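First up is the structure itself, then whatever we jot down about it.
The values are calculated or read from the model by the stated rules, or taken from the named source; none is laboratory data. From a predicted model like this one, the values you see are computed outputs, not experimental measurements. We place every Cβ from the backbone using ideal geometry, glycine too, and count neighbours over all the protein chains shown. To get the accessible areas, we keep the full protein, side chains included, count just its heavy atoms, and leave off ligands, DNA and RNA. Shrake-Rupley method; radii C 1.70, N 1.55, O 1.52, S 1.80 Å.
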Amino acid sequence: MNSNPNPTKSLVKLTERNLSQLPSSVRVPRYDRSAVTHGIVHFGVGGFHRAHQALYMDNYLEQNPDSDWAICGVGLLEFDSKMRDALHSQDCLYTLVERSPAGDDARVIGSITEYLFAPDDREAVIATLADPQCRIVTLTITEGGYYVVEGTGEFDVNHPTIQHDLQSPNEPYGVYGFLTAALDRRRQQGITPFTVLSCDNIQGNGDMVGRMLTTFAKHQNAELGQWIEENVAFPNCMVDRITPATTPGDLEMVADQFELDDAWPVVAEPFTQWVVEDRFCNDRPDLESVGVQMTDDVHPYEMMKIRLLNTSHLLLGYLGSLKGYTYAHEAMADDQIRRTIAHLMDEVTPTLRPVPGVDIREYKQTLVERFSNPKIRDQLARLCLNSSDKLPKFALGSVRDVLKQQGSIDYLGLTIAAWFRYLNGTDDQGQAIAIDDPMAETLTERARSGREDPSSLLSLTEIFGDLPQSSRLVETVTQHLHQLYEAGTEATLAKLL
């Protein structure tokens, strides 16, 4: 991200010292950041974390100004050096802009008080995690960051990062290596372990990270693995806020509207939700006081969100891209796509459990409005990103359940077929589509050689498991894929609708 995108304007560089110089339209932290300490360590400080959890904790620190619940961020990947540089240049402050048709609201978030870049100093990260001051570790490491073999749900013990961390426990690369090294120190020193709270879009995210971390630890040290299994808590949680990737245009908007030079602001929709299982093994802040829903069972909430919002986002991304759109709101303005998304939600609804205090019909209507927000400018490419990780977690559980219920899979089948057509790498007008996926090479090769025949892609057991044993699914996907290639997206949707 470039500093001062608007050189003709006199901008205030965002730093602690300059907060008093910011325009009155920009809300700044109402607490002394030097008086707070961090009780939370967070892995994966991207846009979503900064628009979501860090905002909740900023609100908490405003209510509890001498609190010890600030956040220490951690970046694991070489790519994270950009975030390190941005945050270090402005005392870990950044601007959050909430965008809606009614206007833009800017706020400087101060809850991240330190940022550690693991490749610079791995020991510093382990020491911070092992310190009794750390009571909660939170994660937004993307759906693909948990080292799960998709088709089987097993731990990917042969992954190069995992193998390195098992053999070099004091110089880890991956999140499990760091967590295990720190938990081992805490165990040996008699320090209560921290709670591990995954905030990624995975159903049963806490159960899953608990299973994977425990398995990793047992491979390293059976006794440590047993101790983690018995003493560490892994609450499930559901997170929700549409947060597009920051663009150069966002930097210009922050400069023009708010006279701020911010190296990496973040934009988000006004809506936000966080539902957490109240299952912690160490201290926790009073999250309820800042609007977090604490519950005994988060599964109905996360199932609702993943199956309605996240699956719809995938279909929206594929169809919109094939029709040549760039942004989610443009695609949602297309009546065919809008109606198709509504039908997909209706098809998935019978698989959901009742959600306390939520009217599902209203929730679905709210999703349509949120997807259509023109101020967010959410890129369809972001919705399609890493689909080989997302599709199994967001859509395939619904497919299994609808098949068991003998329900219609027209729109779920269309979601799979539209992805396969998208993987060909061109839209209906012949324009190139960039496929950004860890399995891109395999996927595009199979999509192009198979074209209307989906069998080569469906046979990827690491994605689809045993689902292709369902002849109904294979027939539905084949039919849609044939239509998409022969007639194009518009005609396919016209026939289906």
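Observations on the structure shown:
- Within segment 432-447, no residue satisfies the criterion of being of a type in the set (S, T, Y) and in contact with a Ser or Thr (Cβ under 8 Å, 6 or more places away or on another chain).
- Of residues in segment 426-460 being small (G, A, S) and surrounded by 15 or more Cβ atoms within 10 Å (Cβ to Cβ), the one nearest to L383 (Cα to Cα): A440
- Of all residues in segment 83-105, those that are without any contact (Cβ under 8 Å) to a residue 60 or more places away in the chain have Cβ atoms under 6 Å from Cβ atoms of residues that are hydrophobic (A, V, I, L, M, F, W, C), 6 or more apart or on another chain, in R84/F117; C92/I112.
- For segment 318-372, filtered to residues that are among the acidic types (D, E) and more than 25 Å from L396 (Cβ to Cβ), the residue that is farthest from the chain's Cα centre (by Cα) is D335.
- Here E475 fulfils each of the conditions (1) in contact with a Ser or Thr (Cβ under 7 Å, 6 or more places away or on another chain); (2) loosely packed, with under 15 Cβ neighbours inside 10 Å apart from (1).
- From the options L385, L403, residue that is among the hydrophobic types (A, V, I, L, M, F, W, C), buried (at least 16 other Cβ atoms within 10 Å of the Cβ) and closer than 30 Å to E462 by Cα: L385
- Verdict on R377 being modelled with pLDDT under 95, among the basic types (K, R), more than 16 Å from the chain's Cα centre (by Cα) and surrounded by fewer than 22 Cβ atoms within 10 Å (Cβ to Cβ): yes
- Taking each residue of segment 311-331 that is touching a residue at least 60 places away in the same chain (Cβ under 8 Å) and looking for partners that are open to solvent by 20 Å² or more (accessible area, probe 1.4 Å) with beta-carbon atoms closer than 6 Å, six or more apart or interchain, yields S321/I433; L322/D428; G324/Q429.
- Residue in segment 239-277 that is surrounded by the most Cβ atoms within 10 Å (Cβ to Cβ), counting only those that are part of a helix (DSSP H, G or I) and not hydrophobic (A, V, I, L, M, F, W, C): D250
- Residue-level check: of (1) among the polar types (S, T, N, Q); (2) farther than 26 Å from G47 by Cα; (3) open to solvent by less than 40 Å² (accessible area, probe 1.4 Å), T195 misses just (2).
- Single residue of Q163, Q203 found to be among the polar types (S, T, N, Q) and at pLDDT 95 or above: Q163
- Taking (1) in contact (Cβ under 8 Å) with a residue 12 or more places away in the chain; (2) over 16 Å from Q133 (Cα atoms); (3) open to solvent by 50 Å² or more (accessible area, probe 1.4 Å) in turn, R185 satisfies each apart from (2).
- Residue selection: S34 satisfies the criterion of being over 23 Å from the mean Cα position of the chain (by Cα), free of Cβ contacts under 8 Å to residues at least 24 places away in the same chain and more than 30 Å from H329 (Cα to Cα).
- Listed by position, the helices (runs of 4 or more DSSP H) inside segment 291-374 whose residues that are surrounded by 16 or more Cβ atoms within 10 Å (Cβ to Cβ) and either in contact with a Gly (Cβ under 9 Å, 6 or more places away or on another chain) or at pLDDT below 95 (or both) number at least 2 are 299-304, 328-332, 335-348.
- Residues satisfying the stated conditions in segment 203-238, i.e. outside any helix (DSSP H, G or I), free of Cβ contacts under 8 Å to residues at least 60 places away in the same chain and open to solvent by 50 Å² or more (accessible area, probe 1.4 Å): N221
- Helices (runs of 4 or more DSSP H) enclosed by segment 395-497 - at least 3 residues per element that are under 24 Å from the mean Cα position of the chain (by Cα): 396-404, 410-422, 440-450, 461-464
- For segment 123-162, a residue qualifies if it is in a helix (DSSP H, G or I), open to solvent by 60 Å² or more (accessible area, probe 1.4 Å) and either under 28 Å from F280 (Cβ atoms) or polar (S, T, N, Q) (or both), and exactly one does: E123.
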